[in-house]
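Just so it is clear, none of the values below were taken in a lab; they were calculated from the coordinates. Please read all numbers here as calculations on a predicted model, not as lab measurements. All Cβ positions, even for glycine, are placed from backbone atoms using ideal geometry, and neighbour counts span all protein chains on display.
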Amino acid sequence: MQTYDLEAEGLRGLNASLHAQSEQTSQTNWEVVNPKGSHAIAVGLDAPIEVSVQGSTGYYCAGMNKQATVHVKGSVGPGVAENMMSGLVKVEGDASQYAGATGHGGLLVIKGNASSRCGISMKGIDIVVHGNIGHMSAFMAQSGNLVVCGDAGDALGDSIYEARLFVRGSVKSLGADCVEKEMRPEHIELLRDLLARAESDAKPEEFKRYGSSRQLYNFNIDNAY
Amino acid sequence: MSVKDNTENGPPQTVPIQSETFSNPINAEIRRAAATGIYDIRGGGAKRRVPHFDDLLFLGASVSRYPLEGYRERCDTKVTLGTRFAKKPIELDIPITIAGMSFGALSGRAKEALGRGASAAGTSTTTGDGGMTPEERGHSSKLVYQYLPSRYGMNPDDLRKADAIEIVVGQGAKPGGGGMLLGQKISDRVAEMRNLPKGIDQRSACRHPDWTGPDDLEIKILELREITAWEKPIYVKVGGTRPYYDTALAVKAGADVVVLDGMQGGTAATQDVFIEHVGLPTLACIRPAVQALQDLGVHREVQLIVSGGIRTGADVAKAMALGADAVAVGTAALIALGDNDPRWESEYQKLGTTTGAYDDWHEGMDPAGITTQDPELQLRLDPVDAGRRLRNYLNVMTLEAQTIARACGHNDLHNLEPEDLCALTMEAAAMARVPLAGTEWWPGKSGSGF
């Protein structure tokens, strides 16, 4: 286990050390102490390492992650795991705005609640939120899966493309072109796998699925307002 | 006899008079809108007449200044971008760069040609919405990777392959607006790069998904620097609207380079009403931006790239005399490749337009094979020949700018200054803050009484 004191040693040294790890590294376990809300912790990783952050972070923790597992034992600021490509990012606490924004792959797990615009413009990432999510989540979501074990705020899935949204609780309102869709057996299986990987004991059968009605895919003046 | 009188065939009558307000083009647009219910979408930049570099003249050397010999004496053109924070600034042989244009809006062969031409001329080219293609990276010795609100194709590997990163906040053709790529141009490859179904209209958001405002931008820049080990110069591109404040805020956020795009700057597609009615002319943007850099004590430390309607070496020299470190060309580069070439006139006419006016780039039917994803049309553009034309054009612009600089007595394009200029119109004098020709004042000059 490598321990890095962020307060004492600084952000540049942390990310440089983590970037220096390769596929064959033997230093696979890292612990970051004293994060104290710092921004850009463990960004741009590209190795099969595990990073444990002992506390809460600021903006963009684990941004553009590839391969790595980043486990935040606290809450995260805006844009956690933004544009993630692969790997796993797990947050024990809550997440601020834009969690998983534009993510292309990997799994983001938020054990608490996520604020507004969770999964905005997601492009293949899977996101599982154990609690609730805020307004305008999954705005222009292109692909991937957003699973919400609690409730969703206003305008869920506004202008959504092909992403799949699963919500167990209430949805305050759906955004433009987002509709409830049939839960077919393949969706139950997909959900079962995601919930298991996200360490949630929620039952797939308790969820409703939402997605695009595809009415905004090509310009139609009758859709303008 | 009044010209309105006509007594040959009866009593005097007035001749038909067209309204300046309700002109034929305006009336045609009203009829088109009434018939279709859809606003007009097109490519390119503002076509309306606005004060521009043509409204400025250089004051060549005479008794008070002496010139440099046109072909013999040295006149440097090199520029280094990203000297403020980046470990690896970009060094260019000429201060003329290629502006961001996407694969998707342009064909892969057109992107290759841009890379070839720019590299041969010793300058950089820029990606666009949709990500970085291997052809583009492979043929561009210096490639700037745009970081756009859509994040189509964005990934850390390409980020690290880039020579610089350009965070696009806006562009001159549509400041405040997002991108638009209509379904006709969404081929399998374009769709795959953007993670979207083939054939749908692709809208790019008008603002970034994970930050709002200059304080957030500062943190976003920090993240990008950390991901790329502080090596890459980071540009911030804005459409010209409030150039003083936007430049100041970009500097405050930590930009290495500010890219300022006026309303003549082109787009692949947006609403005509947006292109013609939102934003500032390029000429009006430069001095306020330079003023912001000077007020913050970073003029030349944070480089300023100006774009929007740059066509000639004279435009390059004028932009630099007003304080720009470099310029970027987009539309002009496409014309150099072969866009709107008279050789395709019969085909332009079939599309209901004519050479020089073709701007339906979003429809993907470009006879020149540049703004298209049609497999057959693309083949009309030879990327090697087109790249050579672009190189020639960039070289000519550089030579022209050097000619002017030497005539003004400067041994470096960056030594051109506002004192080398005068304006032909009151508007241009006010915008460029240089004297009206033959006078020593301009509107707004302190103590000018205006």
Which residue out of A:164, A:197 is out of contact with any Lys or Arg (no Cβ under 7 Å at 6 or more places or on another chain) and more than 12 Å from chain B (Cβ to nearest Cβ)?
A:197
Per the list (1) in contact with a strand residue (DSSP E or B) (Cβ under 9 Å, 6 or more places away or on another chain); (2) over 24 Å from residue A:176 (Cβ atoms); (3) within 11 Å of chain B (Cβ to nearest Cβ), residue check on residue A:43 breaks on (1)
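Yes/no matrix, rows are residues, columns are (1) more than 22 Å from residue A:180 (Cα to Cα); (2) touching a residue at least 24 places away in the same chain (Cβ under 8 Å); (3) hydroxyl-bearing (Ser, Thr, Tyr):
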site	(1), (2), (3)
A:51	yes, yes, no
A:83	yes, no, no
A:89	yes, yes, no
A:94	yes, yes, no
A:135	no, yes, no
Of the numbered conditions (1) away from chain B (no Cβ under 14 Å); (2) touching a helix residue (DSSP H, G or I) at 6+ places or on another chain (Cβ under 9 Å); (3) not in a strand (DSSP E or B), residue A:176 fails exactly one; give the number of that condition.
(1)
Kindly indicate the residue of the range B:229-243 that is surrounded by fewer than 24 Cβ atoms within 10 Å (Cβ to Cβ) and within 14 Å of chain A (Cβ to nearest Cβ) and also farthest from the chain's Cα centre (by Cα) among those meeting that condition.
B:229
With the condition kept exactly as written, say whether any residue in the range B:427-437 is surrounded by 18 or more Cβ atoms within 10 Å (Cβ to Cβ) and of a type in the set (Val, Ile, Thr).
yes
Complete set of residues in the range A:15-48 that are surrounded by 14 or more Cβ atoms within 10 Å (Cβ to Cβ) and among the hydrophobic types (A, V, I, L, M, F, W, C)
A:18, A:30, A:32, A:33, A:40, A:41, A:42, A:43, A:45, A:47
How do the strands (runs of 3 or more DSSP E) wholly within the range A:66-129 filter down when requiring 3 or more residues that are more than 17 Å from residue A:39 (Cβ to Cβ): which remain?
A:107-110, A:123-129
Those residues that are touching a residue at least 40 places away in the same chain (Cβ under 8 Å) and on the phi < 0 side of the Ramachandran plot, I need them from the range B:325-347; list them, please.
B:325, B:326, B:327, B:328, B:329, B:330, B:331, B:332, B:333, B:334, B:336, B:337
Looking at (1) in a loop (DSSP other than H, G, I, E, B); (2) under 11 Å from the mean Cα position of the chain (by Cα); (3) not charged (D, E, K, R), which is the one condition that is false for residue A:136?
(2)
Looking at (1) away from chain A (no Cβ under 14 Å); (2) assigned to a helix (DSSP H, G or I), which one does residue B:263 not meet, given that it meets all the others?
(2)
Count of residues meeting criterion [acidic (Asp, Glu), closer than 25 Å to residue B:269 by Cβ and either more than 7 Å from chain A (Cβ to nearest Cβ) or not in a loop (DSSP other than H, G, I, E, B) (or both)] in the range B:192-218:
1
